[in-house]
Amino acid sequence: MILYGLPTCSDCNRARKVLEEAGLNVAFRDVRAEPMLEAEWAVLLAEFGDNLVDRKSLAFRNLNVWMKESEADAQLADTPAVMARPVITDGTKFTLGWDETVKGEWL
């Protein structure tokens, strides 16, 4: 299982802790420290579309006007911190965010 996120993301840290406590093997991928390839973003964008960009985040608000109007793939490649988090996958299923529904899918 891979959890994509940022080490400073409280939802990412909560999700990782709960999943590991449930006995799941979680590999954490820091999307800022370990930049994702275009093909990797493409898989996530195919799954979540524009919902993959967190337009409420400080990182998004700090984008320049041109980048805010760009496509999601360009925004994510330029500033990975705009990704809505966490993204969790086991290779066959993908979830976005961390709430009771998502928790129920993995536990």
Cα long-axis angle, helix 38-48 against the chain (0 to 90 degrees, to the nearest 10): 70
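Could you sort the peptides 72-81, 33-42, 94-103 by per-residue average Cβ neighbour count (10 Å cutoff), highest mean leading? Please list the in-between numbers first.
Values: 72-81: 17.3, 33-42: 12.1, 94-103: 15.1.
Descending packing order for the listed peptides: 72-81, 94-103, 33-42.
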Given [x] 0.96; [y] 0.93; [z] 1.09, the label whose value is Rg/Rh (Cα atoms, Kirkwood Rh) derived from this model: [x]
Helix 10-21 axis, angle to the chain major axis (alpha carbon atoms, nearest 10°): 20
Cα gyration tensor category, rounded, prolate or oblate, for segment 56-107 with a/c compared to 1.5: prolate
Farthest positive-ward along the chain dipole, Cα basis, beta-carbon charges - from MET67, VAL18, VAL82: VAL18
Only Lys, Arg (+1) and Asp, Glu (-1) charged, at Cβ; segment 28-107 dipole about Cα centre in debye: 320
Cα centroid of segment 86-107 to Cα centroid of segment 1-60, whole Å: 10
Pairwise Lys count, the chain - Cα closer than 22 Å, eight or more residues apart or different chains: 4
Listed residues VAL43, VAL87, VAL31, most fluctuating in the chain (Gaussian network, C-alpha, under 10 Å): VAL43
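Only the coordinates and a few stated rules stand behind these numbers; no lab work does. The shown structure was predicted, so the numbers you read here are calculated from the model rather than taken from an experiment. Ideal geometry is used to build each Cβ from the backbone, glycine not excepted, and the neighbour counts take in all protein chains shown.
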